[in-house]
Amino acid sequence: MKVAVILPASIVDAGDYLANARALEAAGAEMIGVDGDPELQWMILAAIAAVTSRVKLRAPSEQRVDLLDRLSRGRALANEPAHERWVPIVLPADRASWAAVLHDHEEAGATGVVVPWDERLIDLLRNPEPEDRSDLLMSTG
Amino acid sequence: MPTVTRRDFLKFSAAGAGAVALSGLGFDEALAKSTQIKQNLRIAGAKESHSVCPYCAVGCSLVAYTRQSSDGSTQLLQIEGDPDSPVNEGRLCPKGATAMQLAISPRRVESPQYRAPGATAWKSVSWDFVLDKIANNIKASRDATFVTTDGNGNTVNRTEGIAFAGGAAFSSEEGYFATKLMRGLGLVHLEQQARV
């Protein structure tokens, strides 16, 4: 099940913001988009394109998507591909319901879910197995 | 044919044996040689420095003998166990006993080696370069794998993408310090190769 994450348009600290984008990529997010004004989205997406190498970027419109596509070396998408179906969701309250929501949408034939940014997403994407953190328990004694 | 009486035979025999004992076996010469060897001991006049074996956490004491050469360079002559140490009382394990070879081996690599991504050969680089490289890699891995809040909303602030293994030669204090440093970076995967 693929996950697309929509980052907020407001940037408090550029380092933290771009580190979050890198962390999402490392955690396994399929696509990153940005919320808010399309003009600002272009700028932020260009910055994200510079610090990532794999994750796809959701462009706000087809106009000027070529430039972002070249900046990101072919990772920009303006529209969903015809055979894909992405479902917007709100982030569930805990890990168990996150797994259940993903499972339900997968059963229904969706390609992936689109979820607004939340700090919890890094852990949910990195460690999808419900409550199985035996590695952490062992290392912390 | 000369006539040799029994008395003559004994007299000659005794004299011959005495001559062999004194000159042929060379007591005077042997004494001179042994005196010379004693004066030419490898560590004669060397400076004694006390050190600790680098191999494991037992921390056996070593005595290293060095001498200044005429050109100003320091020559390492011998490394052996320190008899005054309560840890090893002069003894060393086979590995520690070869500490001399660790120090003077011509095959010892004296600078860090670096092989850039895509490069086919190692090259010698400076310690500054390597420390910067390690710092950059730690920063990048930490940024990419830092989890502030887990899936259930608990604040965790942990770095999942780096694991740390402490060296076998760490003392208790070094182990404490390394753990403190790594916990400060948010690491949770900590191990220690404790050999004692």
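The values are calculated or read from the model by the stated rules, or taken from the named source; none is laboratory data. Values in this document were obtained by computation on a predicted structure and should not be read as measured data. Here the Cβ is made from the backbone with ideal geometry for all residues, glycine too, and neighbour counts use every protein chain on show. Side chains are part of the model used for accessible areas, which takes the heavy atoms of the whole protein and leaves out ligands, DNA and RNA. Shrake-Rupley method; radii C 1.70, N 1.55, O 1.52, S 1.80 Å.
Structure notes:
- Summed over the stretch B:78-104, the residues that are modelled with pLDDT under 90 and either of a type in the set (Gly, Ala, Ser) or open to solvent by less than 60 Å² (accessible area, probe 1.4 Å) (or both) give a count of 1.
- Of the residues contained in the stretch A:16-38, none is found to be over 21 Å from B:Phe146 (Cα atoms) and of a type in the set (S, T, N, Q).
- Residue, least open to solvent (accessible area, probe 1.4 Å), within the stretch B:31-49, restricted to residues that are touching a Phe, Trp or Tyr at 6+ places or on another chain (Cβ under 9 Å) and of a type outside the set (D, E, K, R): B:Ala46
- Among the residues of the stretch A:116-129, just one is open to solvent by less than 70 Å² (accessible area, probe 1.4 Å), part of a loop (DSSP other than H, G, I, E, B) and either modelled with pLDDT under 90 or away from chain B (no Cβ under 14 Å) (or both), namely A:Asn127.
- From B:Val130, B:Val58, B:Val52, residue being modelled with pLDDT of 95 or more, surrounded by 13 or more Cβ atoms within 10 Å (Cβ to Cβ) and farther than 30 Å from A:Asn127 by Cβ: B:Val130
- Contacts under 6 angstrom Cβ, first residue in the stretch B:41-61 being of a type in the set (Val, Ile, Thr), partner open to solvent by less than 40 Å² (accessible area, probe 1.4 Å), 6 or more apart: B:Ile43/B:Tyr65; B:Ile43/B:Leu77; B:Val52/B:Gly59
- Candidates are the residues of the stretch B:141-157 that are at pLDDT 90 or above and surrounded by 18 or more Cβ atoms within 10 Å (Cβ to Cβ); the one that is farthest from the other protein chains (Cβ to nearest Cβ) is B:Arg142.
- Residue that is most open to solvent (accessible area, probe 1.4 Å) [pool: residues in the stretch B:66-77 that are assigned to a strand (DSSP E or B) and over 16 Å from B:Thr98 (Cβ atoms)]: B:Gln68
- Qualifying residues in the stretch B:172-184 (those that are open to solvent by 50 Å² or more (accessible area, probe 1.4 Å) and away from chain A (no Cβ under 14 Å)) - the one modelled with the lowest pLDDT: B:Ser172
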